[in-house]
Amino acid sequence: MDILHSCLGVVHRRLSWISTDYSIPWKKYVLAFSWGNTLFETYLLLRQYPNYSKTEPPATLAKHFTPDVFAKSQAYGRDKAKFSLISGLYSQLLETAIIYYGGYAWAWDVAGKGLGWLGYGPEYQIPQSIIFSTVLFAMSSFPSLPVDLYKTFVLEEKHGFNKTTPMLFVTDLLKGWLVAFVIGAPFLSAFLWVVRWAGDRFVPWLMGFLIAFQLLMVFIYPTWIQPLFNKLSPLPEGNLRSRIESLASGLKFPLKHLYEIDGSKRSSHSNAYFFGLPWSKHIVVFDTLIKQSAPEEVEAVLAHELGHWYYMHPTKLLLVSQVHLFSILAVFPPFLLSPPLLRSFDFPAPIASKPPILLSFLLSQMILAPFEAFVGVGMNAISRKFEWEADAFACELHEKLAGKPGVADMGERLGRALTTIHVKNLSTVWVDWLFSAVHHSHPTLTERLKALDEFKMKNSAASAYVKKEL
C-alpha cells in the first residue's frame, strides 16, 4: 500500500499546479471543448447523412431487403440523424447556459439554503451534496423532457416501433427518478464519507468501495430494479427452450434461469443477453426476437452471446473499466484541493477556499472530458474486437462441442438471424467508417456477414483437409 501511495504522490506533485494556478480559465476551457465536441459530432452526422440517400442496399444484402423495406430503413435513418443533430445542439445550448451563467454555483447555494431551512449548517456537506445533486438533476432533466417525448411519440411512433403509452411513459419516468434517488443518495453519501474518512489516502479505499458497489448492483438490478419496468417470465417449454438448454449444457454454461422479457411493452426492437455471477447465470430473450426469428436463429444469437462468456469478454471489459476508473481517481486529489477551479466556475471565495468533495469531483470530470472521448473510442474498438470473436465462436461451435449434431451450420444461422434483426429494426446498412468508429460498439452488418462467410470458407477448407488426410 505504501508503494501505491508513493506512486500516487508523484502524480499529485506533478499536478500540484492545478491547486494553485488562478490564471487558468477552466470554465472557458470546458465550454470550448464542449462546443468542439458538438461540432465534431455534427461533422460526423454530416459525413453519415449522404448514405441515407442511397437507393439500393449493399450487394451482400440486396436479397434480404425489398425496395419498400430498404426505403423505410433509409427514411428511419434520416429522421434519426436529424433528431440527433437537433437534440445534440439543444443539449449543448442547455449545458452551456448552466455553465456560463453559474448554474453549478447557484444549485449549491439553493442546496445550502434548503439545508438551512431544515436547521442545518454548511458543515453538513453530505446532505447538502444530496440536495445539490437533486437540484442539478432537475435543471437538466426537466428541459430534456420535450426531447424524450418527441423521440418516443413522434420519431419512434412514425416508424412503427413505439409501443409505449403516455401512462407508461409517465410511470417509467417516475419510477426511474425514484430508483435514482433511492440508490443514488446512499451511494453518494458513502462515496463522500469514504473520501473524508480516508483523508489524503482515499484513492484505494474509494476504488474498493466502487468495485463493491458494482458487484452489488449485479445482484440488485435484476432482482429488484428490472422487475419495476419489465416482466421476466420463464421461457415456455418447447423447441427454443430445449435448444438453448442443450447449448448451455454442452458448453458447461452455469445457466440458472432462462427468461422471456416483455420488450414489446415499449418497443418492437429486439435483443437477447445474459447476466449474473460467475457461478449463476441468467439468459434473457426479448419476446420480439422470439416472434421475429425462427428458434434455430434465436439459438444462433444465443451461441454468439455465449461466445462472450466463453472468452470472458464481460470480465475483460470489467477489468479495463476498473483501470480506467482508477486512473480517474488517481488524478482527482489535485482537483479536490483547488480553490482556483471553483472560483473559475463562479463559486464564492468562502466555498472555494474549502472545496466540497462533490463539486471538485464533478468539475474535474468536466475538465477530463477530452480524455474520456478518446477512452470511449478505444472502448468501442475493444467491444468490436470482442464481437468478431463471439461471431467466430458461433462458427466454430461444432469444434467446441466435439462434433455435436445440429450445430455445424451455426454461423450460417447467425448470419440469417443478424440480417432478420436488422431488417425488422430498419437498421442502417450504409455506414461511414469514421462515424462507426466513434459511435458503434458492434461491427456493421455488412462487415459481420463478410466475416461469417470467411469463417465458413475457412472451416470448410479445414474439414476438407482433415478428410483428405484421413
Failed criterion for residue 452 (all others in (1) at positive phi; (2) part of a helix (DSSP H, G or I) hold): (1)
Restricting to region 341-373, and then to whatever is over 18 Å from residue 324 (Cβ atoms) and of a type in the set (D, E, K, R), can you tell me which residue is surrounded by the most Cβ atoms within 10 Å (Cβ to Cβ)? 343
Hey, can you tell me all the residues within region 178-192 that are farther than 25 Å from residue 265 by Cβ, within 19 Å of the chain's Cα centre (by Cα) and not small (Gly, Ala, Ser)? none
How about region 61-89: which of its residues are crowded, with 16+ Cβ neighbours inside 10 Å and of a type in the set (Ser, Thr, Tyr)? 73, 76, 84, 87
Taking region 238-273, which residues are assigned to a loop (DSSP other than H, G, I, E, B) and either of a type in the set (S, T, N, Q) or open to solvent by 20 Å² or more (accessible area, probe 1.4 Å) (or both)? 238, 252, 254, 262, 266, 268, 269, 270, 271
Consider region 31-60. How many of its residues are without any contact (Cβ under 8 Å) to a residue 40 or more places away in the chain and either in contact with a strand residue (DSSP E or B) (Cβ under 9 Å, 6 or more places away or on another chain) or open to solvent by 70 Å² or more (accessible area, probe 1.4 Å) (or both)? 10
Residues (farther than 18 Å from residue 12 by Cα and in contact with a Leu (Cβ under 7 Å, 6 or more places away or on another chain)) located in region 192-216: 192, 194, 210
When every residue in region 274-305 that is in contact with a strand residue (DSSP E or B) (Cβ under 8 Å, 6 or more places away or on another chain) and assigned to a helix (DSSP H, G or I) is compared, the one surrounded by the fewest Cβ atoms within 10 Å (Cβ to Cβ) is 287
Which listed residue, of 270, 264, 280, is within 19 Å of residue 394 (Cβ to Cβ) and among the hydroxyl-bearing types (Ser, Thr, Tyr): 270
Under 7 Å by Cβ, and 6 or more places apart or on different chains, what pairs join a residue from region 273-295 that is under 24 Å from residue 214 (Cα atoms) with one that is open to solvent by less than 40 Å² (accessible area, probe 1.4 Å) and acidic (Asp, Glu)? 273/305; 274/305
Selection from region 85-103 of residues that are part of a helix (DSSP H, G or I) and without any contact (Cβ under 8 Å) to a residue 40 or more places away in the chain: 86, 93, 97, 103
I'd like to know if region 366-383 contains one or more residues that are within 30 Å of residue 296 (Cα to Cα) and touching a Pro at 6+ places or on another chain (Cβ under 9 Å). no
Six or more apart or on different chains, Cβ atoms under 8 Å: show the pairs whose first residue is in region 13-30 and open to solvent by less than 50 Å² (accessible area, probe 1.4 Å) and whose second is among the small types (Gly, Ala, Ser). 18/338; 19/338; 24/344; 26/344; 27/344; 30/369
Within region 150-177, take every residue that is within 21 Å of the chain's Cα centre (by Cα) and open to solvent by 60 Å² or more (accessible area, probe 1.4 Å) and give me the one that is nearest to residue 68 (Cα to Cα). 151
Just name the residue that is least open to solvent (accessible area, probe 1.4 Å) out of those in region 312-340 that are closer than 22 Å to residue 375 by Cβ and outside any helix (DSSP H, G or I). 331
Given (1) surrounded by 13 or more Cβ atoms within 10 Å (Cβ to Cβ); (2) over 24 Å from residue 424 (Cβ atoms), index of the condition residue 6 fails: (1)
Quick check on region 97-144: of everything there that is open to solvent by less than 30 Å² (accessible area, probe 1.4 Å), polar (S, T, N, Q) and modelled with pLDDT of 95 or more, which residue is farthest from residue 38 (Cα to Cα)? 128
If the requirement is being touching a residue at least 40 places away in the same chain (Cβ under 8 Å) and either over 23 Å from residue 267 (Cα atoms) or touching a Lys or Arg at 6+ places or on another chain (Cβ under 9 Å) (or both), which of these qualifies: 206, 216? 206
Inspect region 371-380 for any residue being touching a residue at least 40 places away in the same chain (Cβ under 8 Å), part of a helix (DSSP H, G or I) and closer than 26 Å to residue 419 by Cβ and give the result as yes or no. yes
Just to be sure before I move on: is residue 227 more than 30 Å from residue 328 (Cβ to Cβ) and either open to solvent by less than 40 Å² (accessible area, probe 1.4 Å) or in contact (Cβ under 8 Å) with a residue 40 or more places away in the chain (or both) in the structure I sent? no
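The values are calculated or read from the model by the stated rules, or taken from the named source; none is laboratory data. All of these numbers come straight from a predicted model, not from anything done at the bench. Here the Cβ is made from the backbone with ideal geometry for all residues, glycine too, and neighbour counts use every protein chain on show. These accessible areas exclude ligands, DNA and RNA; they are computed on the full protein's heavy atoms, side chains included. Shrake-Rupley method; radii C 1.70, N 1.55, O 1.52, S 1.80 Å.
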